[in-house]
Amino acid sequence: AIGAIFSATDSVCTLQVLNQDETPLLYSLVFGEGVVNDATSVVLFNAIQNFDLVHIDAIIVFKFLSNFCYLFITSTFLGAFGGLLSAYIIKKLYFGRHSTDREVALMILMAYLTYMLAELLDLSGILTVFFCGIVMSHYTWHNVTESSRVTTKHSFATLSFIAETFLFLYVGMDALDIEKWKFVSGSPGKSVGVSSILIGLVLIGRAAFVFPLSFLSNLTKKSPDEKILFKQQITIWWAGLMRGAVSMALAYNQFTRSGHTQLRGNAIMITSTITVVLFSTVVFGLMTQPLVRLLLPHSAKHLSSILSSEPSTPKALSCPLLENGHGSEVEVGGQLIPRPSRLGMLLSKPTHTVHHYWRKFDDAFMRPVFGGRGFVPFVPGSPIEQDLHE
């Protein structure tokens, strides 16, 4: 359980420093790991809770792996089903077609419904909501009116900011929880030792995961541009050192009952987790920008010219919720010409990869039923028709 608790990383700080256009491969690796890591950690933790791993044999290992795959797959399908259902309701049933309030409420309630169903079925709520958000960003969000898009984008951005602020305050208040610190006051050396061991294990475990897998990945790549450079491997290793609210939540779930404990060992684990989270967030977080500037000097220059993620034009509203909607700009003849981002270019001109075949399947079967941006015959009075007229 301790391994699952401290496997949840928080790579947001590194993503703020990296430039997607200059290092697309590195950015994709860090972002892809970050969005799936927390959900996978929760699923792994829930799978561990269902077994007594004191006496491990081949049967228990097989049941554990089966339970993990069951939780992961069913949670994913439940989230995708909720997202597709919301897209179908808005596109086909014309529910709240000309009512911004109803469209926004439907999107929020459908996402919340998938979370509640996941919890009732003992699945992973965070993984279900994650995939529901991906599907809704791909289909549902493009089926609503423009006013609903603006409202939805700002509403979710506001809720996200409030949630992040609350989590920071919650972790900070837990650091001042006198009850748990009293249990370890008699043996401060043990608490410091446990915290140091955990931080060391995080550093070693992260290195044991990143560098061997990067080496194996490079063996399968022929083009030098597709290989992960050693400096990029260090950046990936560093991006996964920070621990956040997910580790705190899992630690409280494992070592406390309703947030309280009367056992010294559990109190030491809680205070050690708080120490690891605060140390990694403050120390490693402050060192992220100088380290990236040293390893990737071109990417660090991006910090001084970060563009706002707010939609300022109707064109920016065509980007889904999981994108920032901005590419870079190139100066030609004294004028700034917008250049699409690498992600935008991939969406418009997919290569002959898995993404290419997915787009063909998506355009042929999924979008005609569930809607989405482009590739779908518009319906009179729908937002797609309004966009075409504009």
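Read the figures in this text as sums done on the coordinates, not as results from a lab. This one's a predicted model, so the numbers in the text were calculated from it and none came from an experiment. Here the Cβ positions follow ideal geometry from the backbone for every residue, glycine too, while neighbour counts run over all protein chains shown.
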Q: Report the label-to-label distance for S99 and V35 in nanometres (one decimal), using points 7 Å from each Cα along the Cα→Cβ vector.
A: 3.2
**Q.** Long-range tail of P(r) for the range 41-176 (Cα pairs > 19 Å, %)
**A.** 60
Q | Range of Cα positions in the range 160-206 per principal axis (Å), largest first | A | 37, 32, 7
Q: Step through the table entries K227/K360; K92/K153; K63/K221; K153/K231, compare each Cα-Cα distance with 24 Å, and write down the pairs that go over it.
A: K227/K360; K63/K221; K153/K231
Q) Once the piece of chain linking F161 and L294 is laid out straight, how much longer is it, given 0.36 nm per residue of separation minus the C-alpha distance between them? A) 44.9 nm
**Q.** Separation in nanometres of the label points that stand 7 Å from Cα toward Cβ, at M287 and K221
**A.** 2.6
Q: Provide the FRET efficiency to the nearest 0.05 for the F365-I73 pair, computing r from the beta carbons and using R0 = 25 Å.
A: 0.75
Q) In whole Å, what is the distance between the alpha-carbon centres of the range 142-166 and the range 27-98? A) 24
Q: State, to one decimal in nm, how far the label point of I204 lies from the label point of M173, with both points 7 Å from Cα in the Cβ direction.
A: 3.7
Q. Between S147 and V12, 0.36 nm times their residue separation minus their Cα-Cα distance comes to what?
A. 45.7 nm
